[in-house]
1. Please return the longest stretch of the chain lacking exposed loop sites, where trypsin sites (Lys or Arg not before Pro) count only if DSSP places them in a loop and at most 15 other Cβ atoms lie within 10 Å.
2. Quote the FRET efficiency, to the nearest 0.05, computed for Tyr201 versus Thr90 with a Förster distance R0 of 22 Å and r equal to the Cβ-Cβ distance.
3. Under the rule that an exposed site lies in a DSSP loop and has at most 13 other Cβ atoms within 10 Å, name the longest stretch of the chain with no GluC sites (Glu not before Pro) of that kind, not counting the sites themselves.
4. Which ³J(HN,Hα) values, rounded to whole Hz and listed in residue order, are derived for segment 166-178 from phi using the Karplus coefficients 6.51, -1.76 and 1.60 in 6.51 cos²θ - 1.76 cosθ + 1.60 with θ = phi - 60°, glycine and proline given as x?
5. Please list, in chain and number order, the residues 5+ apart from Ile189 or on another chain whose amide H is under 5 Å from its amide H, with Hs placed from the backbone.
6. Students often get this wrong, so check it: of Lys95/Lys128; Lys26/Lys200; Lys78/Lys127; Lys128/Lys176, which have C-alpha atoms separated by over 22 Å?
7. Give, as a single signed number, the net charge of other residues whose beta carbon lies under 12 Å from the beta carbon of Asn54, with Lys and Arg counted +1 and Asp and Glu -1.
8. Once you place label points 7 Å from the Cα toward the Cβ at Lys26 and Arg115, how far apart are they in nm?
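Every number in this text was worked out from the coordinates using simple rules, so none of it is lab data. Bear in mind the structure is a predicted one, so any value in this text is a computation, not a measurement. With ideal geometry, Cβ positions are generated from the backbone for all residues, glycine too; neighbour counts draw on all protein chains shown.
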Amino acid sequence: MVEIVVADPHRAGHEVRYYPGEVNLKRAHIVVINKIDTADHLNIQMVRENIRKNNAHAEIVEAASPLYTDDYGLISNKRVLVIEDGPTLTHGEMKYGAGVMAAIKYGAKEIIDPRDAAVGSIRDTYKKYPHIGSLIPCMGYSKTQIAELEKTINAINADVVIIATPIDLRRIVMIKQPCCRITYELQEIGVPTLKDLLHKYFAV
């Protein structure tokens, strides 16, 4: 079995700070350092050093995660409300995600802070995780939370809602404002590539 682990330099140091992440790193045959197109150079270097210190035999693949949207023109010069993946912002300790990065990339006029409009579990999430930036963490694990998420979104006077969640929220939440969805794909940079290494490990 070949173990492949992804490291995120936007969270440099997390790869050796948490369980099971540190164990996964130490067991990995291949480590993909992702998002090197948007992460700080020093953070990328920190991740590389942590890999070498904890698993000197692991092969490293570098990659980017370019952002895509179904309507980038909708964002330019608009006041936007960003909805991000909840776990990334809560126990993942990030202040922002792909939605905020897309808002900046595509020239949003303003990223609206939604705290004053938050209700129920969304409001409670801000209190429990005060580091969260100007965005809504998607907390939709029950019918009640989904209803509170919908109420929070629709109470905000935004020109556009940027959806940067694993699923398209429009499938489960009625959003009154115009929306666009952010996605991203892995784009390997340089060599070796994952394909190169998998050929190596599975060569007959």
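1. After excluding every exposed loop site, the longest remaining stretch is 18-94.
2. Between Tyr201 and Thr90 the formula returns 0.05.
3. The reported range is 4-184.
4. In residue order, the calculated couplings are x, 10, 6, 4, 4, 6, 10, 10, 8, 10, 6, 7, x Hz.
5. Glu62, Ala63, Ala64
6. Pairs exceeding 22 Å: Lys78/Lys127; Lys128/Lys176.
7. Neighbour charge sum, excluding Asn54 itself: +3.
8. Here the answer is 3.9 nm between the modelled labels.
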